[in-house]
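Take a look at the structure set out below.
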Amino acid sequence: MAKIDVDQISALIQKQIENYKEDVRLESVGRVLSVADGIANVYGLSQAILGELVELPNNVKGLVFNLEQYSVGVILFGRTELIKEGDYVRSTKKIFEVPVGDALLGRVIDPLGNPLDLKGTIVSEKMLPVERMAKSIMDRDFINEPLHTGIKVIDALVPIGKGQRELIIGDRQTGKTTIAIDTILNQRDKNVICVYVAIGQKDSSIANLVKLLQIKDALHYTVVVNASAAKESTLLYLAPYSGASIAEYFMEKGKDVLIIYDDLSKHAVAYRELSLLMKRPSGREAYPGDVFYLHSRLLERAGKLSKKLGGGSITALPIVETQAGDISAYIPTNIISITDGQLYLENKLFYQGIRPAISAGLSVSRVGGAAQWKAMKQVAGTLRIALASYRELESFVQFGSDLDQASKKRLDRGRKTVEILKQDVHELISMESQIVTFYALENGFMDDLNLKQLNNMIDEIQQGLSLNAIGRQLKEALSRDKEIKDRELLEQFIHHVRRFV
Ligand SMILES: Nc1ncnc2c1ncn2[C@@H]1O[C@H](COP(=O)(O)OP(=O)(O)OP(=O)(O)O)[C@@H](O)[C@H]1O
Ligand SMILES: [Mg+2]
């Protein structure tokens, strides 16, 4: 019998083990260590990348959210109650993706692209990662085209350009959503695709919204992404990013897109919840340290592409809710500093009946002015001054002091400006109509009117521009030139309209 050479055998085994190690693909499957609240702690995915899509049993998907020394934190989507300790987690080496494309138009979906309406499955031609790099400076162009909201106070005083990021900020129930929705409604026949991302709202509000879009014939150019308050914070967290990817698809096809995030305060809260569950250290107001990055990387994805890249754009209207008008809280200040301006809605104005309750003093648009029609610049220049001096004089009037003739005139002009800027829900005013109205105000054609006559005149202008022959001619000239060239025609129309008030 041959003698067993222990050394030789152990050397052989050693070699086998070494070779064996070389063969193995490095840990592409991990196992769930623990699972709770839609979050799994996974062992064995040491090669995982942040934001990676991982697959679990029962068609549950995961997004790698936390990279720790010995495990990774994964947020789960789907029937997460079916996931248990010990389940396998397969790495995919690609970033979490959502379906994008034309098939989504007119649909209501969840942030994963699953339909929430009763219109059947969505067959989309393409998937895009939810986290994508924002376009570089060289890939962008200046903002040079206006995005008209149909809301007078915005189009005149805080104009928005295509590719701009304009924050809508205010307390609860001050008309934030209404402004966003009216802006969507105003894009009908204007070749702009709209994406409305609802974060943490009631399902019933979204159902009403979808009905409204349908009635106003605005659903067919809109995608509604809904992560309602009833859903896990994981879905709420994901919603704006998947909305951004859906918008980017259209932008990269050369289209103009309007995206609304309603609202990012709730988004920040969902992110805080996830971060606390992941045991990330918390800072101010218990938000994690990277809450600025949460929104900056999202809003940087809006913008205007260079001609070389097709010239498409994403205009973003994020919404933030304040508590008791406090715009210096953590999330509001962050987002104010990221965006190109804000529409500040004031409680006080809303209750005084000055609606939309946009404060002319505290609202700004840092880039939209460059894109505004010249005609609007010609007539809206004095509006802000009229409003400011009105506020100043109004306080004098409250003291009962006598005013001289000139001040009385300014007071009256201011009062009429405030009245003209009032606008009802879903009552959209065309650009041409706005220009004629402001022209009439500025040039004294409304000085002798009382409030009722003033409102009649506003209506007559809007109607006359499409019903009357001179009006139609004027409308055509204004929309073609985007500038007031023929003052005679304009005044002829105003005189015509004045006969009816
Ligand atoms: N311009 C307006 N004129 C008259 N009513 C308005 C106007 N804008 C909004 N409203 C009314 O005010 C209410 C609140 O509006 P909206 O839902 O847009 O506010 P919000 O700030 O989005 O509220 P929330 O904080 O609940 O999201 C609604 O009933 C709406 O019809
Ligand atoms: Mg709202």
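Here, each number is a calculation from the coordinates, and none is a lab measurement. These numbers come from a predicted model, not from an experiment. Neighbour counts run over all protein chains shown; Cβ positions are idealised from the backbone, glycine included.
Structure above, values below:
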{"read-out": "Per-peptide average of other Cβ atoms within 10 Å, ordering 152-160, 180-188 highest first", "value": "152-160, 180-188"}
{"read-out": "Between 0 and 90°, nearest 10: helix 176-185 axis offset from the chain longest Cα axis", "value": "80 degrees"}
{"read-out": "Helix axis angle, 431-442 relative to the chain longest principal axis, alpha carbon, degrees", "value": "40 degrees"}
{"read-out": "Estimated distance in nm for a label pair at GLN8 and SER204, the labels positioned 7 Å out from Cα along Cα-to-Cβ", "value": "8.5 nm"}
{"read-out": "Convex hull volume of region 114-172 per residue (C-alpha atoms, cubic angstrom)", "value": "228 Å³"}
{"read-out": "Cα long-axis angle, helix 487-498 against the chain (0 to 90 degrees, to the nearest 10)", "value": "80 degrees"}
{"read-out": "Two-decimal ratio, region 64-103, of alpha-carbon radius of gyration to 2.2 N^0.38 Å", "value": "1.49"}
{"read-out": "Top positive-direction residue, dipole computed over region 1-132 with Cβ charges, set ILE9, TYR43, LEU53", "value": "LEU53"}
{"read-out": "Long pairs among LYS348/LYS422; LYS135/LYS255; LYS135/LYS307; LYS94/LYS304; LYS308/LYS482; LYS61/LYS135, criterion Cα-Cα beyond 18 Å", "value": "LYS94/LYS304; LYS308/LYS482; LYS61/LYS135"}
{"read-out": "Residues whose placed amide H lies under 5 Å from that of ILE95, excluding near-sequence neighbours", "value": "LEU53"}
{"read-out": "Per DSSP, loop GluC sites (Glu not before Pro) in region 433-501 with at most 16 further Cβ within 10 Å", "value": "GLU483"}
{"read-out": "Distance-filtered residues of region 75-105 - backbone nitrogen under 16 Å, label point 7 angstrom along VAL123 Cα→Cβ", "value": "100-105"}
{"read-out": "nm² value of the averaged projected area, convex hull over the Cα atoms of region 378-498", "value": "8.0 nm²"}
{"read-out": "Spherically averaged projected area in nm², based on the convex hull that wraps the Cα atoms of the chain", "value": "31.6 nm²"}
{"read-out": "Rg/Rg_globular for region 99-372, with Rg_globular taken as 2.2 N^0.38 Å and Rg from C-alpha atoms", "value": "0.94"}
{"read-out": "Net charge dipole size for the chain [Lys, Arg +1 and Asp, Glu -1 on Cβ; Debye, nearest 20]", "value": "600 debye"}
{"read-out": "Spacing of the two label points (7 Å from each Cα toward its C-beta) at HIS426 and THR92, in nm", "value": "3.9 nm"}
{"read-out": "Principal axis dimensions, region 5-122 - Cα atoms, whole angstrom, descending", "value": "76, 30, 23"}
